[in-house]
1. Whether any residue in the range 384-401 is at pLDDT 95 or above, surrounded by fewer than 19 Cβ atoms within 10 Å (Cβ to Cβ), in contact with a Phe, Trp or Tyr (Cβ under 8 Å, 6 or more places away or on another chain) and in a helix (DSSP H, G or I) is what I want to check.
2. Return the only residue of ASP246, ASP205, ASP220 being surrounded by fewer than 21 Cβ atoms within 10 Å (Cβ to Cβ), in the same structural domain as MET266 (by TED's automatic domain parsing), under 21 Å from ALA270 (Cβ atoms) and among the acidic types (Asp, Glu).
3. In the range 74-129, which residues are of a type in the set (Ser, Thr, Tyr), closer than 28 Å to GLY189 by Cβ, modelled with pLDDT of 95 or more and touching a helix residue (DSSP H, G or I) at 6+ places or on another chain (Cβ under 7 Å)?
4. Of ILE112, ILE71, ILE76, ILE63, which residue is buried (at least 20 other Cβ atoms within 10 Å of the Cβ) and farther than 25 Å from ASP183 by Cα?
5. For ASN417, are the conditions met, namely being surrounded by 22 or more Cβ atoms within 10 Å (Cβ to Cβ), in contact (Cβ under 8 Å) with a residue 40 or more places away in the chain, within 25 Å of LEU302 (Cα to Cα) and of a type outside the set (D, E, K, R)?
6. Outside the structural domain of ASP221 (by TED's automatic domain parsing), surrounded by 20 or more Cβ atoms within 10 Å (Cβ to Cβ) and assigned to a helix (DSSP H, G or I) - does that describe any residue in the range 87-97?
7. Could you list, in sequence order, the residues of the range 116-140 that are among the hydroxyl-bearing types (Ser, Thr, Tyr) and either within 15 Å of SER72 (Cα to Cα) or in a strand (DSSP E or B) (or both)?
8. Are there any pairs, at least 6 apart or on different chains, whose C-beta atoms fall under 8 Å, with the first in the range 210-232 and polar (S, T, N, Q) and the second not in a loop (DSSP other than H, G, I, E, B), and if so, which?
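The values are calculated or read from the model by the stated rules, or taken from the named source; none is laboratory data. Here the structure is a predicted model, which means the values were calculated and not measured. Here Cβ is always computed from backbone atoms with ideal geometry, including for glycine, and neighbour counts include all displayed protein chains.
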Amino acid sequence: MKILLVYPECPDTFWSMKHALRFISKKATLPPLGLLTVAAMLPGDWEKKLVDMGVEPLWDKDIEWADYVFISAMRIHKESVKRIIDRCKSLNTKIVGGGPLFTAGYEYCHDIDHLVLNEAEITLPAFLRDLRQGHPEYIYTSNEWADVKSTPVPAWELVDITKYACMPIQHSRGCPFACDFCDVTTLFGNKMRTKTAEHILAELDALYSRGWRDPIFFVDDNFIGNKQTLKKEVLPAIIRWMDEHDRPFTLNTQASINLCDDEELMKQMAQAGFDMVFVGIETPNEEGLAECNKVQNRNRDLVASVKKIQSFGLQVQGGFILGFDSDNPSIFTTLTRFIQESGIVTAMVGLLNAPPGTKLYKRLLKENRVVKTATGDNTDLSMNFIPKMKYEELVEGYKAVVSRIYSHKLYYQRVVNLLKTYKPFQNSRLRLHSYDLRAFLKSIWLLGVREKGRIYYWKLIFWSLLTRPRSFPLAVSLAIYGFHFRKIFETY
C-alpha cells in the first residue's frame, strides 16, 4: 500500500512567521505533528511519503503514486483543502480525511472517500482493519478519549527537519478549563491525559538522534493542566536529560495564567529549558472574562501575573480577543495600554469567532446571531456572528490597536520593557548557529537601514549590548518578529 500524507498550505497569518523565517532561511515554523504521528501508526511494510505544502509543492505525480491520500487539516486550511480534494478527484486517487477541520463537521466531507475522525489512536485501527479486509466504511468516529501513553513516536524519517525553525512534541491532551469560545475541550475533553516521563524522553531522544539542536514546542493546549505529574515526574526527568545531553534544546509551550501562582513549577520549567510560554489573556476587562468563563484569569492583577512569569525566565506571549458582548469603545485604549504595560511583545490580537461545538457557538445560535463558518484566521477581519458593538466600529478599533502596538516606537518599547523584567535561567546555555549570524546581518540591512523605524532598532541594539548582553540574541529575534507582524498588519 502506498500512502501520501498531505498537510495543506497555510495562509500568511500572525503565527505563520513567514516574514521572520526568511531571516534564518527556514521554510516553516513546525512540521505537521499529527500526520507524522499517524504515519507511525500505519503498517511498517507500507510505503509512506509526506508532503507539507508549507515547505514544498504537491505534484500530480505524488498523488498518482499513492493508493490513498491522507489529509489532516484545521479550519485555517480549508481553502487549500478544497484544492487538494479537487486534484485528487481529477486524478482518481482516494482520500482519507482527518483532523479538527473534518471532525468539526465541515462541508467538505461529501468529497472525501473515508473520514477517520476524532483521535486516531482509537479510530485509525478500525479503518486499517476494514481496509485490509477490503470493505472500509465511509466514517469512523468515537466518543472515547485516547490513552496518549499508547501514542507512538512520530515518524521523523519522513520529514526534512532542516526546513523548519522548531520541532513539536505533545505531552498532554485536554484542558481543565472551559472557556466558552474555545473548542479544545470539544475536541479533547476536560480531563487531562498525559504521556509518561519515559515517553517524553523517548521523543527527545528521537529528535536528538536526528541531529536537532534548535527549539522544541510542546504543543499542549495547556501544558500545566496536570501540575502534579509535571512537577513530580516529567519536568525532573527532562531536567536530568537536558543536563546529560549538554542542554541541546530550548523549550516553549502554552499554559494558563495560573502558572504564576506556582513558583516551584516555574522554576522547574526554567531548569528544564523552557524560556517562553503562550498565555491566553483574552481581555483586561473583568466583564469580558466573566462573559467567556475565563475563570482562571479573573480577580487577579494580570499585568503583575505576566511580569512574575517573565521574572522566572519565561517570556510571555499573549493572546487577546476583541468583540465580546461586554466590549465598548473604551476597550481599544484599555487593551493597548495593557499590552504596553505588561511587556508582552508578541501580542496576538484577534476578533472573536465562535467555532462549531463551543458553548459560545451554541448560545449565539439560539440568539440567531451566527451568520457563517469561522475561517480560523484571526487576522482576516472576519467574524462568524453579529457582534453587539457595530461591526464597522469594532473593525476600525481593532485596526487601531494592532497598528499602534506594532508601530516601531511602541513595539520596541515593549521589547525593552520585557528585557528589563525577563531573567533567563542562570544555567541556560547560549547556543548560536551559523544562521543566527546571517539573521543578525539581514536584520541590520532590513531593519537598521531600509525600515523607516530604524532609529528604534539601533536604540535597542545598543541598549541591549550595553545593559543586557546576555539577552542580545533575544533582542535581535524580537526585532525580527516585529518585522513579520508589521508585514501582516501593514495593509490595515
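1. For the range 384-401, residues at pLDDT 95 or above, surrounded by fewer than 19 Cβ atoms within 10 Å (Cβ to Cβ), in contact with a Phe, Trp or Tyr (Cβ under 8 Å, 6 or more places away or on another chain) and in a helix (DSSP H, G or I): present.
2. None of the other options fit; the residue is ASP246.
3. none
4. Residue meeting the stated conditions: ILE63.
5. no
6. Scanning the range 87-97, I find at least one residue that is outside the structural domain of ASP221 (by TED's automatic domain parsing), surrounded by 20 or more Cβ atoms within 10 Å (Cβ to Cβ) and assigned to a helix (DSSP H, G or I), so the answer is yes.
7. Once the filter is applied, which keeps residues that are among the hydroxyl-bearing types (Ser, Thr, Tyr) and either within 15 Å of SER72 (Cα to Cα) or in a strand (DSSP E or B) (or both), the range 116-140 yields THR123, TYR140.
8. Within 8 Å, the pairs are ASN222/SER172; ASN222/VAL184; ASN222/GLN254; ASN222/ALA255; ASN226/SER172; ASN226/THR194; THR229/THR194.
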